[in-house]
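Every read-out reported here was derived from the displayed coordinates using simple, explicitly stated rules and does not represent laboratory data. In this text the structure is predicted, and so the values were computed from the model without any measurement. Note: ideal-geometry Cβ built from the backbone for every residue, glycine included; neighbour counts use all protein chains shown.
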Amino acid sequence: MKKAVIVLVILLIGIFLFGCTDNEKSALEKCDELQSSSVIYNCYSGVAIQTKDFFICEKIPDLSFKNACNRDVAIETEDELNCEKVLELYNNEKSMCYLQISRKKDDKTICNNITKEPLKAGCMNAVPY
């Protein structure tokens, strides 16, 4: 639930700051004008999610923020192959990537990509088909 709230906040920041712009460079310049590094990283993530562009995540020097950006972009693309860009750091980010995409696609077979058995079982139980 907490992760869903964070993703929603990131998306809302992106929409608030940039509207429906096609000008990615302008959006990133606006991110650079923000004060706090964590707010800048979240802003980059919002733009990356909106544009489904992993390259923007590479602008984030903090590994945890970068990994969350890659995870959220992968989920937005709904392509489980993109979960390979996600590292399995503190919060099982890669596993959560597979879980979220399997739910979006209603496809249990995606759960087989999860290597930790308790998480895999949870994924299998969470996806109806």
Counted charge near Ser64, where neighbours are those whose Cβ lies closer than 12 Å (Asp, Glu -1; Lys, Arg +1):
0
Could you run the Karplus curve 6.51 cos²θ - 1.76 cosθ + 1.60 with θ = phi - 60° over segment 36-46 and give me ³J(HN,Hα) per residue in whole Hz, x for Gly and Pro?
8, 4, 5, 5, 4, 4, 5, 5, 4, 4, x
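Count the net charge of all other residues whose Cβ sits under 13 Å from the Cβ of Gly122, scoring Lys and Arg as +1 and Asp and Glu as -1. The partial results should precede the final answer.
Working: positive: Arg103, Lys108, Lys116, Lys120; negative: Glu117.
Surrounding charge for Gly122 is +3.
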Per-residue counts of other Cβ atoms within 10 Å, averaged by peptide: what ranking do you get for 83-96, 37-50, highest first?
37-50, 83-96
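Let me make sure I get this right: for segment 43-109, a, b and c are the square roots of the gyration tensor eigenvalues over alpha carbons, sorted descending. Under 1.5 in a/c it's rounded, otherwise prolate if a/b > b/c, else oblate. Which is it?
Oblate, because a/c is 1.5 or more while a/b does not exceed b/c.
Assigning unit charges at the beta carbon (Lys, Arg +1; Asp, Glu -1) and nothing else, what dipole magnitude in debye, to the nearest 20, does segment 58-115 show about its Cα centre?
On the way: 9 positive and 12 negative charges, 19 e Å.
I would put it at about 100 debye.
Over 23 Å between Cα atoms: which of Lys59/Lys105; Lys30/Lys105; Lys59/Lys108; Lys52/Lys116; Lys30/Lys59 fall into that group?
Details: Lys59/Lys105 29 Å; Lys30/Lys105 34 Å; Lys59/Lys108 33 Å; Lys52/Lys116 27 Å; Lys30/Lys59 14 Å.
Cα-Cα > 23 Å for Lys59/Lys105; Lys30/Lys105; Lys59/Lys108; Lys52/Lys116; rest within.
Just subtract the alpha-carbon distance of Glu84 and Lys104 from 0.36 nm times their residue separation and send over the number in nm, one decimal.
Values: separation 20, 0.36 × 20 = 7.20 nm, distance 1.75 nm.
Result for the pair: 5.4 nm of gain on full extension.
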18 Å cut-off, amide nitrogen to a point 7 angstrom out along Ala126 Cα→Cβ, residues in segment 66-92:
68-92
Amide H of Leu89: which non-local residues (sequence gap of 5 or more, or other chain) have their own amide H closer than 5 Å, using H built in the peptide plane?
Lys94
Please compute the modelled spin-label separation between Ser37 and Phe54, points set 7 Å along Cα→Cβ, answer in nm with one decimal.
2.5
Sorted from fewest to most neighbouring beta carbons within 10 Å, what does the list Cys69, Cys31 look like?
Cys31, Cys69
